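Remarks on the structure that follows.
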Amino acid sequence: MTLPSSAIAIRGLCKSYGKAEVLHDIDLEIARGATTCLIGPSGSGKSTLLRCIAFLEEATRGTILINGQPLGFEEQPDGKRVRVPAHQIRRVRSGIGMVFQQFNLWPHMTALGNVTEALVTVNGLSRAEAEARGMAQLRRVGLEARARHYPSELSGGQQQRVAIARALALEPKILLFDEPTASLDPELTGEVLNVMRDLGADGMTMVVVTHEIGFAATVGRRIVFLDHGRVLLNGTPGELFAAPRHPRLTQFLETYLDRGAAMLLKPA
Amino acid sequence: MSFDVSVILGALPAILSGLQITLGIWLASTAMGAVLGFVVAALRHFGPQPLALALRLAVEVLRGTPFLVQIFLLYFGGPFIGLSLDPVPAGLLGLSLYAAAYFSEIVRAGFAAVPRGHVEAAQCVGLSQAQIVRRILVPEMTMLVLPQAVNMAVILLKETAVLSIIAVPEATATISAIGSQQYAFVEALFLLAVIYWGLVEACGRAGQALECRLSKFRFA
């Protein structure tokens, strides 16, 4: 089987909560082996879109293909949308790793315990083999020395790096990040962004919801700008941030006082 | 008339046997109540709707009526529905059910207090519903509810005194009987208060020590 060119293909995706539709008819292709950044004002639907890709939210309409495989729902030839079997959902989902804004480490397990949990409980690896693999992932995020520490004994940046190692342990093809540095002190965001940069350089397919415009501009191969639940812009950082810039994007960037965004605004 | 506790202490073997029964019923009903309470909370959380409603009703009745009335009804009313129990089994059953009602509410609140994101993180790495309960929810919830659970254990210890009215030979029944015999009722109740208070203090200290030990497993 040849892999389709997109790691993630989103077609006609809509998501409503009751009567409020937060995503309107999203069509989006996410390239393999590259970092795609989702940016936009709060309430634009970027986190909801990411959570749909992680299958933490079920889209109301439309389909998502992960490496060509339907995630959760499948469109039949007659246009009817049906749920795919649970084991298939789990299989497709296992190719996706998720990193959260709040880290969401399990507080009763050590860093290594967090990383090895699914390897042992889900994949049925022996503890020794799981720990060997877990240590390798912790080494990758530079936290080998903290393996036996509990989350409460780690800084926010370290916790987030453990969370990244936990997601990596299952060797996913795609990593999703939901505002991974938003709850970190400014001096701790760097260490997390560096890990993400390295992953991007290694060719990991990443989708990053972020407010770090500087990171998006430098690491993002593509930038998707969402506004009011629609994809307003989709292009390379060069295309999006260079003048003439879309007025809505300019307005959005002006609300950002961080250095990354200021740097982008100057030449325009 | 003088205040002399030594009159009561003369009957030490009887006092110790009463204490033994109090401790036994307390520990057994706390353990059974905690286990049953957990099962009830889990069934209310994950079970079918009609069962959840029935359990909720049972919990409301047990929490909404005095334990004194419950134990009377169980012991004296039980025979009408073919449930004739000796005092100790009746006390054990009654106190366990009473404990289960409260423990189920504590556990329910505990489940609700585990951050949703911790469950989502587990879903994302492929844990099944049962695995999430076993590996994530139960350990995290246990940490969160520990203070309330210790508090409940303390309340249960004191509620064992109510069992004296159905003639369970526990500490209150035994010691107050000795007091009556020796015409030293105040001394008897004073001694009883000291004993209960000592046990409650010990239980509280044990709970604190446990919380301290577990504190690194939880977030501030």
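Which of the trypsin sites (Lys or Arg not before Pro) across segment A:114-155 are loop residues per DSSP, with 11 or fewer other Cβ within 10 Å?
Passing both the DSSP loop test and the Cβ count: A:Arg148.
Roughly what would the spin-label model give for B:Ser6 and B:Gln208, points 7 Å off Cα along C-beta, in nm?
Calculated label separation equals 3.4 nm.
Under a point-charge model restricted to the Cβ atoms of Lys and Arg (+1) and Asp and Glu (-1), what is the dipole moment magnitude of the protein assembly as shown relative to its Cα centre, in debye to the nearest 20?
1200
Rounded if a/c is under 1.5, else prolate if a/b beats b/c, else oblate: with a ≥ b ≥ c from the C-alpha gyration tensor eigenvalues square-rooted, which is segment B:18-84?
Here segment B:18-84 falls in the oblate category.
Which of the helices in chain B meet the span-like rule: DSSP H, Cα axial reach of 30 Å or more, Kyte-Doolittle mean at least 0.5?
B:12-46, B:87-113, B:185-214
Among the DSSP beta bridges whose two residues both lie in the protein assembly as shown, what percent are antiparallel, rounded to the nearest 5?
So the antiparallel bridges amount to about 60 percent of the total.
Of the cross-linked pairs A:Lys173/B:Lys216; A:Lys46/A:Lys173; A:Lys46/A:Lys80, which ones have a Cα-Cα span greater than 23 Å in the structure shown?
Those over the limit are A:Lys173/B:Lys216; A:Lys46/A:Lys80.
Per the helix-only calculation at 222 nm, which mean residue ellipticity applies to chain B, given -39500 (n - 2.57) for every DSSP H run of n ≥ 4 and division by its residues, nearest 500 deg cm²/dmol?
Mean residue ellipticity at 222 nm (helix-derived): -25000 deg cm²/dmol.
Does the protein assembly as shown come out rounded, prolate or oblate, given a ≥ b ≥ c as the square roots of the eigenvalues of its C-alpha gyration tensor, rounded meaning a/c under 1.5 and, failing that, prolate meaning a/b above b/c?
It is prolate, given that a/c is not under 1.5 and a/b is the larger ratio.
Any idea which of B:Ala113, B:Phe76, B:Gly204 is furthest toward the positive side of the dipole for the protein assembly as shown, if Lys and Arg beta-carbons carry +1 and Asp and Glu beta-carbons -1?
The residue sitting farthest along the positive end of the dipole is B:Ala113.
Take B:Tyr183, project a point 7 Å from its Cα along the Cβ direction, then tell me which residues of segment B:1-34 have their backbone nitrogen under 19 Å from it.
Residues B:1-11 qualify, since their backbone N sits under 19 Å from the label point.
Using the Cα centre as the reference, give the magnitude of the dipole from point charges on the C-beta atoms of segment A:107-171 (Lys, Arg: +1; Asp, Glu: -1; all else neutral), rounded to the nearest 20 debye.
I would put it at about 140 debye.
Classify chain A: rounded, prolate or oblate, from the alpha-carbon gyration tensor (a ≥ b ≥ c, eigenvalue square roots; a/c under 1.5 rounded; otherwise prolate if a/b is larger than b/c)?
Since a/c reaches 1.5 but b/c is at least a/b, the shape of chain A is classed as oblate.
Per-residue ellipticity at 222 nm for chain A, helices alone: DSSP H runs ≥ 4 residues times -39500 (n - 2.57), over residue total, nearest 500 deg cm²/dmol?
-10500 deg cm²/dmol
I'd like the trypsin sites (Lys or Arg not before Pro) in segment A:9-108 restricted to DSSP loop residues with at most 14 other Cβ atoms within 10 Å, sorted by number.
Answer in residue order: A:Lys19, A:Lys80.
A short reminder: the numbers here are calculations on the coordinates, not readings from a lab. Treat the numbers as computed from the prediction; the structure is a model and nothing was measured. Note that each Cβ is placed from the backbone with ideal geometry, even for glycine, and that neighbours are counted across all protein chains shown.
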